[in-house]
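The values are calculated or read from the model by the stated rules, or taken from the named source; none is laboratory data. The model shown is predicted, which means the values in this text are computed figures rather than measured ones. Positions of Cβ are generated from backbone atoms using ideal geometry, with glycine treated the same way; all protein chains shown enter the neighbour counts. Ligands, DNA and RNA are stripped out before the accessible areas are found, and what is left, the full protein with its side chains, is counted by its heavy atoms. Shrake-Rupley method; radii C 1.70, N 1.55, O 1.52, S 1.80 Å.
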Amino acid sequence: MSERYHFGLLGHKIAYSQSPDIFEAIAKHTGHKITFDLFDIAPLDLEFFMKRIHSHELTGMAVTIPHKEAILPF
């Protein structure tokens, strides 16, 4: 399998997240090439982040506190 999947979690103060470990386990189990990044973005930096996130070519991204509602306009 040569296709690479790139996922992420957008939030603030999310270093505790186990999502990268979970996606690493999924990759090992399925044989897929998966990367997972934590995007720890302060609320005041959300607009700047959203303007440049498209260059990351993400397969998918989850959004958590405090950005769940603030992300809607983007």
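Counting only trypsin sites (Lys or Arg not before Pro) that are in a DSSP loop and have at most 12 other C-beta atoms within 10 Å, tell me the longest site-free stretch of the chain.
Here the longest segment lacking exposed loop sites spans 14-67.
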For the chain, find the longest principal axis of its Cα atoms and tell me its angle to the long axis of helix 19-30, 0 to 90°, nearest 10.
-> 30 degrees
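Could you do me a favour and compute the accessible area per residue for the chain, 1.4 Å probe, result in Å²?
So the chain comes to 72 Å² accessible per residue, rounded to a whole number.
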Starting from the Cα of Lys68, draw a straight line to each of the aspartates and glutamates and keep only those under 14 Å, dropping any in the same chain fewer than 8 residues away.
-> Asp40, Glu47
Net charge contributed by nearby residues that have their C-beta within less than 12 Å of Phe23 (K/R +1, D/E -1) | -1
Residues with amide H under 5 Å of Leu58's amide H, sequence separation 5 or more or different chain, H placed in the peptide plane at 1.01 Å from N; which?
-> none
Dividing the alpha-carbon radius of gyration of the chain by 2.2 N^0.38 Å, where N counts its residues, gives 1.16
Given a 1.4 Å probe and every protein chain left where it sits, what share in percent of the accessible area of segment 1-51 is carbon and sulfur?
-> 57 percent
By how many nm would the segment from Lys33 to Ile14 lengthen if fully extended, with 0.36 nm per residue of separation less the alpha-carbon distance?
-> 4.5 nm
Any idea what the dipole of the chain comes to, in debye rounded to 20, about its Cα centre with Lys/Arg Cβ at +1 and Asp/Glu Cβ at -1?
-> 80 debye
Just grab the label-to-label distance for Asp21 and Arg52, each label 7 Å out from Cα along the Cβ direction, in nm (one decimal).
-> 3.0 nm
